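Worksheet for the structure shown next.
The values are calculated or read from the model by the stated rules, or taken from the named source; none is laboratory data. What you are looking at is a predicted structure, and each value in this text was computed from that prediction instead of being measured. Positions of Cβ are generated from backbone atoms using ideal geometry, with glycine treated the same way; all protein chains shown enter the neighbour counts. The protein model used for the area step is the full one, side chains on, heavy atoms only, and it has no ligands, DNA or RNA in it. Shrake-Rupley method; radii C 1.70, N 1.55, O 1.52, S 1.80 Å.
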Amino acid sequence: MELKTVVSMVARRGRQLQRYNEGQRQVVGCIPYRIKGNKMGSGKNLEDTLEVLVISAQRKGKGMLFPKGGWESDESMTEAALRESIEEAGVCGIVEGALGKWCFKSKGNDSYYEGHMFPLLVKEQLDFWPEKDIRQRVWVSVPRAKEVCQYSWMKEALDLLVTRLESAPSSNLWSNL
């Protein structure tokens, strides 16, 4: 078993290292994505080839979302985003430039959060990950992700990702695959 697989099998717990900004818990997450196939063939556009990974919420019946969680004081924002993707979705890859920052109210209580989202170009999908037994993961199209995602701010981040990928020169997009 590779070292990263062993290390990633235990999810962080507790709030001792959590970061806060003016009373708002800071969370970071990723939109894991992949491009089906390795080239844009004739007649194909980004919408035909782009897939994103959504995961089930921890509480049953609470919908789907992108991996996200607390940003801790002993890690960078991108390290936290990658850690959450490994812990919750069992994927790792290249964390790309930030999509933005959103302030949102928790669905479970009256707390406010500051959320930061990043694209994650998935390079590896793990067979075993810390939250495998409590979450489902599903690759879906962008329109389907917008239907099932429970957070409007995550849908906005997804729109920004699509816009960014559409505006990137196709040679850059395909060179990372």
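Touching a residue at least 60 places away in the same chain (Cβ under 8 Å) and closer than 16 Å to residue 49 by Cα: does that describe residue 148? No, not satisfied.
Conditions tested, residue by residue: (1) within 19 Å of residue 149 (Cα to Cα); (2) more than 11 Å from the chain's Cα centre (by Cα).
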residue: 65; (1), (2): yes, no
residue: 76; (1), (2): no, yes
residue: 79; (1), (2): no, yes
residue: 89; (1), (2): yes, no
residue: 92; (1), (2): no, no
residue: 98; (1), (2): no, yes
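Output yes when any residue across region 13-36 is surrounded by 12 or more Cβ atoms within 10 Å (Cβ to Cβ), in a loop (DSSP other than H, G, I, E, B) and modelled with pLDDT under 90, and no when none is. So far as region 13-36 goes, yes, one or more of its residues are surrounded by 12 or more Cβ atoms within 10 Å (Cβ to Cβ), in a loop (DSSP other than H, G, I, E, B) and modelled with pLDDT under 90. Checking each residue in region 74-114 for being in a loop (DSSP other than H, G, I, E, B) and of a type in the set (A, V, I, L, M, F, W, C) picks out 98, 99.
Residues in region 133-164 that are crowded, with 16+ Cβ neighbours inside 10 Å and assigned to a loop (DSSP other than H, G, I, E, B): 2 in all. Check off (1) within 16 Å of residue 56 (Cα to Cα); (2) at pLDDT below 95; (3) not basic (Lys, Arg) for residue 140 and give me the number that stays unchecked. Only one criterion is unmet by residue 140, namely (2). Go through region 103-122 and give me each residue that's open to solvent by 30 Å² or more (accessible area, probe 1.4 Å) and in contact with a strand residue (DSSP E or B) (Cβ under 9 Å, 6 or more places away or on another chain). If the condition is that a residue be open to solvent by 30 Å² or more (accessible area, probe 1.4 Å) and in contact with a strand residue (DSSP E or B) (Cβ under 9 Å, 6 or more places away or on another chain), then 103, 105, 111, 112, 113 are the ones that fit. Taking residues in region 67-89 that are free of Cβ contacts under 8 Å to residues at least 12 places away in the same chain, and partners anywhere that are surrounded by fewer than 20 Cβ atoms within 10 Å (Cβ to Cβ), not one pair has Cβ atoms closer than 6 Å while being at least 6 places apart or on different chains.
The C-beta contact set for region 104-117 (first residue touching a residue at least 12 places away in the same chain (Cβ under 8 Å) and more than 17 Å from residue 67 (Cα to Cα), second residue part of a strand (DSSP E or B) and open to solvent by 20 Å² or more (accessible area, probe 1.4 Å), distance under 6 angstrom, 6+ apart or interchain) comprises 112/24; 112/105. All of (1) in contact (Cβ under 8 Å) with a residue 60 or more places away in the chain; (2) closer than 19 Å to residue 162 by Cβ; (3) not in a strand (DSSP E or B) hold for residue 121 with one exception: (3).
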